[in-house]
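What follows is calculated from the coordinates using simple rules that are stated; it is not laboratory data. This is a predicted model, so every value here is computed, not measured. Cβ sites come from the backbone with ideal geometry, for glycine too, and all protein chains shown count toward neighbours.
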């Protein structure tokens with residue numbers, strides 16, 4: 001009983017919103033400097049918005065194979081009139097975002113903090129699904145096989161900096177698969193906050209051209225409970241587009257409290 005109570009006390013001590021962990025990433029001694037992290041974070045966030053990333057991918061129809069259009073009604077707040085619409089693209093994308101505009105945004109959690117609305121994943125709603133089955137069953141049912149689930153790793157880190165979990169989970173998963181980081185062709189790393197994303201990217205020395213090539217959660221959104229499926233779907237469809245030269249892909253994300261999860265897929 002005493003051990004159980006002590007565990008609860010430890011958990012309560014570390015209970016904090018993810019926004020606090022974002023500030024911890026920026027202020028951590030593990031980063032070269034707060035200024036450097038913040039600048040790189042804003043720069044990465046900007047890249048996620050401009051045509052090179054999400055806006056371009058959306059305009060060119062890259063996401064159409066992974067998005068199921070939804071028919072819904074919207075209500076005009078002024079007139080009360082209802083209108084039937086079809087939602088077929090993510091509506092949080094802001095192609096006109098500029099670095100100067102991001103620099104003007106004020107911290108949202110601490111007066112002297114570095115976390116702003118611009119370098120955080122936006123508040124979004126969404127749903128996602130991934131179907132996992134034996135190859136023989138998929139072939140029997142005539143279903144398309146997008147990839148092979150190779151292995152995964154789940155790790156724990158200090159709850160105060162839970163967002164850096166991918167920097168620990170990715171090497172663990174890659175090792176479990178009998179691979180090296182250089183063997184991985186594409187990465188989908190969830191961008192809860194720019195600070196934690198930049199830390200993970202720098203810590204692992206990853207090539208920016210291999211990570212979130214069509215943008216990430218800061219531009220698309222981070223619907224809790226659906227993000228993992230969204231990342232897997234985005235990764236597998238991009239691997240399919242790239243063909244046989246793209247064999248190994250990694251998805252990684254931090255999970256509330258202390259964990260990070262990284263599955264590895266093979267196309």
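Once you order the gyration tensor axes a ≥ b ≥ c over the Cα atoms, which shape class does the stretch 83-160 get: rounded for a/c under 1.5, otherwise prolate or oblate by comparing a/b with b/c? Kindly include the intermediate steps, with their values, before the conclusion.
Details: a/c = 3.38, a/b = 1.67, b/c = 2.02.
In terms of gyration-tensor shape, oblate.
Can you tell me how much longer the chain between residue 56 and residue 112 gets when fully stretched, taken as 0.36 nm per residue apart minus their C-alpha distance, in nm with one decimal? Present the calculation step by step, with values, prior to reporting the outcome.
Details: separation 56, 0.36 × 56 = 20.16 nm, distance 3.43 nm.
Here the answer is 16.7 nm.
Between the stretch 147-166 and the stretch 75-96, how far is it from one alpha carbon centroid to the other, in angstrom?
Here the two parts' Cα centres lie 35 Å apart.
I want to check the label-to-label distance for residue 203 and residue 141. Put each point 7 Å from Cα in the C-beta direction and report it in nm to one decimal.
3.7 nm
Could you list 78, 240 so that the one with the fewest beta carbons within 10 Å of its beta carbon is first and the one with the most is last?
On the way: 78 6, 240 14.
So the residues, fewest neighbours to most, are 78, 240.
What is the order of 237, 222, fewest Cβ neighbours within 10 Å to most? Intermediate results must be reported in sequence, preceding the final value.
Numbers: 237 18, 222 23.
Ascending Cβ contact count within 10 Å gives the list 237, 222.
Could you tell me whether the stretch 45-128 comes out rounded, prolate or oblate from its Cα gyration tensor? Rule is a ≥ b ≥ c as square roots of the eigenvalues, rounded for a/c under 1.5, then prolate if a/b exceeds b/c, otherwise oblate.
Numbers: a/c = 2.30, a/b = 1.41, b/c = 1.63.
Oblate, since a/c reaches 1.5 and b/c is not below a/b.
Going by C-beta contacts inside 10 Å, put 124, 195, 56, 96 in order with the fewest on the left.
On the way: 124 17, 195 31, 56 14, 96 8.
Taking fewest neighbouring Cβ atoms as first place, the list is 96, 56, 124, 195.
Defining a contact as two alpha carbons under 8 Å apart and six or more residues distant in sequence, what relative contact order in percent does the stretch 53-212 show? It would help to have the intermediate numbers written out before the result.
Values: 123 pairs, mean separation 22.9, N = 160.
Relative contact order of the stretch 53-212: 14 percent.
Would you mind checking the radius of gyration and Dmax of the stretch 142-252 based on alpha-carbon positions, in Å?
According to the Cα coordinates of the stretch 142-252, Rg and Dmax are 13.6, 47 Å.
Once the piece of chain linking residue 125 and residue 94 is laid out straight, how much longer is it, given 0.36 nm per residue of separation minus the C-alpha distance between them?
9.5 nm
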